[in-house]
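A.B. asks: Shown below is the structure under consideration.
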Amino acid sequence: MTQPPTVVVVRDADLLANAVAARLLTRLLDAQALRGRASVVLTGGGVGIASLAAVRASGARAAVDWSKVDVWWGDERFVPADDPERNEMQAREALLDSLPLDPARVHAMPASDGPDGDDVEAAAARYAAELTAAAPDDADVPPFDVLLLGMGPEGHTASIFPESAAAYDERVAFAVHGCPKPPPTRISMGFSSLNAAREVWMVVAGAEKAPMVAIALGGAGRVQVPAAGVSGHRQTLWLLDEAAAAQLPRDLRRR
């Protein structure tokens, strides 16, 4: 049975990024102590990238064996590889380029100038195949240790928007067309992949997101609010700043 999410509230977005970084380093260390390796799924967005920058600034980052960390992405803008809007490019600048990662363990989503050119369907299928190839025999995707996500003010997560075809798609990863937020063409993991993680962390900051945070944690369905449709096998954390948590009942908030 899926456990209800745990809500953790901190003062502001800067403190939230630092709290996420500290938690992430601890979880990666724990995973490596248990299994000798670790895996994380990255997200984009302001607080998501700020969290990676906070990992880079932490002296504790040296405790992790980064050569044994697998890095994945939950979604990506289908633009050229050097486009600064790509989640991959922002993550590399914020953190990844400063780490001794094994390049074979960094699983970036294909770009529009990659091996499939501008064929986003083929590019998405390529990423789905990469996920499946890394999975154990009894699963379609790896059991990620930590999957980081953000949420838009209308409730989207990854590149799954409310009431969209992607909200009904059960594939491991797929192309997304006609996103209401530019760019309109993207690649996203689907719910079947997002919900395979051991831990899901929904990291949300800002007063403009407070109404949808309350709706998502109030029992909304995944089609209405995609962010409400993701949960971890072991734990689901909603990591919020005070502004994003402002409309939650007090009994839901932990500090």
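The values are calculated or read from the model by the stated rules, or taken from the named source; none is laboratory data. Note that the structure is a prediction, hence the values are computed from the model and not measured. In this analysis, Cβ positions are derived from the backbone assuming ideal geometry, glycine residues included, and neighbour counts consider all displayed protein chains.
A.B. asks: If I ask for residues that are touching a helix residue (DSSP H, G or I) at 6+ places or on another chain (Cβ under 7 Å) and surrounded by 16 or more Cβ atoms within 10 Å (Cβ to Cβ), which ones from segment 111-141 would you list?
C.D. replies: Once the filter is applied, which keeps residues that are touching a helix residue (DSSP H, G or I) at 6+ places or on another chain (Cβ under 7 Å) and surrounded by 16 or more Cβ atoms within 10 Å (Cβ to Cβ), segment 111-141 yields Gly114, Asp116, Leu131, Val141.
A.B. asks: Also, quick follow-up: Looking only at segment 33-47, count how many residues are part of a helix (DSSP H, G or I) and within 22 Å of Glu130 (Cβ to Cβ).
C.D. replies: 1
A.B. asks: Give the residue that is surrounded by the most Cβ atoms within 10 Å (Cβ to Cβ), with candidates limited to residues of segment 80-94 that are assigned to a loop (DSSP other than H, G, I, E, B) and either among the basic types (Lys, Arg) or in contact with a strand residue (DSSP E or B) (Cβ under 9 Å, 6 or more places away or on another chain) (or both).
C.D. replies: Only one residue fits best here, namely Arg86.
A.B. asks: Among the residues that make up segment 16-23, is at least one of them over 22 Å from Pro153 (Cβ atoms), at pLDDT 95 or above and in a loop (DSSP other than H, G, I, E, B)?
C.D. replies: No: segment 16-23 contains no residue that is over 22 Å from Pro153 (Cβ atoms), at pLDDT 95 or above and in a loop (DSSP other than H, G, I, E, B).
A.B. asks: With Leu42, Leu29 as the choices, which residue is under 17 Å from Ser98 (Cα atoms) and either of a type outside the set (A, V, I, L, M, F, W, C) or touching a residue at least 24 places away in the same chain (Cβ under 8 Å) (or both)?
C.D. replies: Only one candidate qualifies: Leu42.
A.B. asks: For segment 79-115, name all the residues that are closer than 20 Å to Arg56 by Cβ, acidic (Asp, Glu) and in contact (Cβ under 8 Å) with a residue 12 or more places away in the chain.
C.D. replies: Glu88, Asp102
A.B. asks: Consider only pairs whose beta carbons are under 7 Å apart and that are at least six residues apart or on different chains; among these, list those whose first residue lies in segment 139-168 and is among the charged types (D, E, K, R) and whose second residue is in a loop (DSSP other than H, G, I, E, B).
C.D. replies: The qualifying pairs are Asp140/Val172; Asp145/Arg198; Glu154/Pro162; Glu163/Val223.
A.B. asks: Kindly indicate whether Ala216 is among the aliphatic types (A, V, I, L, M), surrounded by 22 or more Cβ atoms within 10 Å (Cβ to Cβ) and touching a residue at least 60 places away in the same chain (Cβ under 8 Å).
C.D. replies: Yes; evaluated as a whole, the condition is true for this residue.
A.B. asks: Suppose we filter segment 58-68 for residues that are out of contact with any strand residue (DSSP E or B) (no Cβ under 9 Å at 6 or more places or on another chain) and in contact (Cβ under 8 Å) with a residue 12 or more places away in the chain; how many remain?
C.D. replies: 6
A.B. asks: Right, something else. Being among the hydroxyl-bearing types (Ser, Thr, Tyr) and surrounded by 18 or more Cβ atoms within 10 Å (Cβ to Cβ) is the requirement here; does Ser67 meet it?
C.D. replies: It is false that Ser67 is among the hydroxyl-bearing types (Ser, Thr, Tyr) and surrounded by 18 or more Cβ atoms within 10 Å (Cβ to Cβ).
A.B. asks: Now for a separate question. Return the residues of segment 172-194 that are polar (S, T, N, Q) and assigned to a strand (DSSP E or B); say none if nothing qualifies.
C.D. replies: Result: Ser188, single match.
A.B. asks: A further question on this structure: Tell me which residues, restricted to segment 219-255, are of a type in the set (A, V, I, L, M, F, W, C), assigned to a helix (DSSP H, G or I) and buried (at least 20 other Cβ atoms within 10 Å of the Cβ).
C.D. replies: Ala227, Ala228
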